[in-house]
Amino acid sequence: MNEETNADIKERHVVFRARHLSGMSQIVVIAAVAVSSCGSGTTVSSQPPVSSAATSVAVVGAVTAGPTTSGPPVTEPQKATTDSAPPDDTTAVEAPVPVRNGARITLGHRFTTDKLLGDAADFTFLAPASGAWAALGDGYLALTADQTGKSPLIQAAEMDLTRILTNPSQNLDGLIGPDDSQPAPADVLGWFASRPGVTAGAIADGPLGGLPARSMTYSVGPFDGQTSCTAQDARPCLATLYNPIGAALYYSVGDSGTMYELVVEGRHLLVDVADQPEAATLAASIQFSPRRPADVQADTQRLPLTGPLTPATTYFWTGSSLATYILAEGAGLEVTSNFRFGANPPLQLGVGDARCMSISDGSTSSWVGGATLDPNSTLAAMPDDLLAALTTLRLLTVTSGPAAGTLDGHATTTLELTARGKAVDLLAGSLTARAATTTRVMLVSRGDGQQPDVIMVDVGSPCEAMLTNIHLIAAGTP
């Protein structure tokens, strides 16, 4: 799997630690907003607070490197509000209410969010008897029994967006670098059971939200060498998970619960349920509503966010507003998409660390302008005439084309190019043009005056066969 570079890790927003969550795990909110606790209330502000002994908020790490961009940013949780939930009553509503970060979850209502699983599925649940409060971001959801966050009920993490912390006493007051974490394993339950201080029950098979799942009870005790993870909490901790887009979690002695691990529409999900009656009731109400495009064949699989593709399998990708992409002939390839470009980054495919294909939604892409992307680069709006920008860029040599064509009813323009010297980045998150490699670029027209989708593939690479087997179907979900 393609690892993030130091530049990737640096391109994170300021990190803040939320107030201690007792009874299960603690959550470290990672965003450009600060979650603070004062007395019995939780607020979210758009500016970092000043850390002091009088507040339970501490800066975990301040990241100053990385481009300032008008293009796709790392997606942030919505600003908290306390008026997004319907008023308290016991009358059920027909349509689920969207969850909002920091909002009250009120009794008698069913709530839903697409933040946790993105375009793969909606996550819905019935509010517990005493209500709850939500902490929400791309790839994670935490529901707590009170606004202070002291009584967590359920926490869920999309594991393709989440990394495991290698040091059980990771210092969360500083920058979490590339050597401090690893991609989540396929068996997160087994990994967590092996962590120091964890006593785990046997892994069992059973459903969650009507889907097949694996579950495991656990409790957390002390271990040799255990230390505090942050100056804001003197208790020894067990550092566990880190989501560069959403949150990081750690556990303290006495925490216990049940972990569920399952796959929802191709997404690897971990759900942690506290040892509390209301948490169990809430978990029993969970439902998953797949957001599968209506015209996709039943045997076509959703493309994974990361990881290897299965031979002889046809996939669909919904990362473009132009259309749903149908991809085949991916033997030996893996998805290497880099989430520094947001929760829905350009699609990147490759073999190991070598990328050989990318697909970018032109309507949301950013132009690098030919400069090699580095932490000090500045991304710009897409040029009005992308084809002209590519053919006149002095850092490139066009070796073939432009040639007109069609792809499932969409007009295309195809050209081949190489870099004249050093490697050249064209779009944020796209394939890199190199001097020793011919790169084929296909612009897929939207026909509405908006920027085209941009498909790039290295000629002669294992990805080239996939380019010849791309099909498009109308965008949208049922």
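The values are calculated or read from the model by the stated rules, or taken from the named source; none is laboratory data. The model shown is predicted, which means the values in this text are computed figures rather than measured ones. Cβ placement follows ideal geometry from the backbone for every residue including glycine, while neighbour counts extend to all protein chains displayed. Ligands, DNA and RNA are excluded from the accessible area calculation, which covers all protein heavy atoms including side chains. Shrake-Rupley method; radii C 1.70, N 1.55, O 1.52, S 1.80 Å.
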I'm checking my understanding of the structure. Among residues of region 411-466 that are at positive phi and in contact (Cβ under 8 Å) with a residue 24 or more places away in the chain, which one is surrounded by the most Cβ atoms within 10 Å (Cβ to Cβ)? Gly429
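Results for (1) under 29 Å from Ala202 (Cβ atoms); (2) touching a Phe, Trp or Tyr at 6+ places or on another chain (Cβ under 8 Å); (3) open to solvent by 10 Å² or more (accessible area, probe 1.4 Å), shown as yes or no for each residue.
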{"site": "Tyr251", "(1), (2), (3)": "yes, no, no"}
{"site": "Gly266", "(1), (2), (3)": "yes, no, yes"}
{"site": "Val296", "(1), (2), (3)": "no, yes, yes"}
{"site": "Thr336", "(1), (2), (3)": "no, no, no"}
{"site": "Pro345", "(1), (2), (3)": "no, yes, yes"}
{"site": "Ser360", "(1), (2), (3)": "no, no, no"}
{"site": "Ser363", "(1), (2), (3)": "no, no, yes"}
Do we have any residue at all in region 127-146 that's outside any loop (DSSP other than H, G, I, E, B), open to solvent by 30 Å² or more (accessible area, probe 1.4 Å), touching a helix residue (DSSP H, G or I) at 6+ places or on another chain (Cβ under 9 Å) and farther than 29 Å from Phe316 by Cα? no
Criterion: modelled with pLDDT under 85 and part of a loop (DSSP other than H, G, I, E, B) - qualifying residue of Ser377, Ser430: Ser377
Mind checking which residues of region 204-241 are farther than 16 Å from Gly190 by Cα, assigned to a strand (DSSP E or B) and either open to solvent by 30 Å² or more (accessible area, probe 1.4 Å) or at pLDDT below 85 (or both)? Pro207, Leu211, Pro212, Thr230, Asp233
Unique match (being of a type in the set (Ser, Thr, Tyr) and either surrounded by 16 or more Cβ atoms within 10 Å (Cβ to Cβ) or at pLDDT 90 or above (or both)) among Thr392, Thr406: Thr406
Return yes or no: is Val271 of a type in the set (Val, Ile, Thr), open to solvent by 10 Å² or more (accessible area, probe 1.4 Å) and in a strand (DSSP E or B)? no
Can Met466 be described as under 22 Å from Thr336 (Cα atoms) and assigned to a helix (DSSP H, G or I)? yes
Determine whether region 274-293 contains at least one residue that is over 30 Å from Thr106 (Cα atoms) and part of a loop (DSSP other than H, G, I, E, B). yes
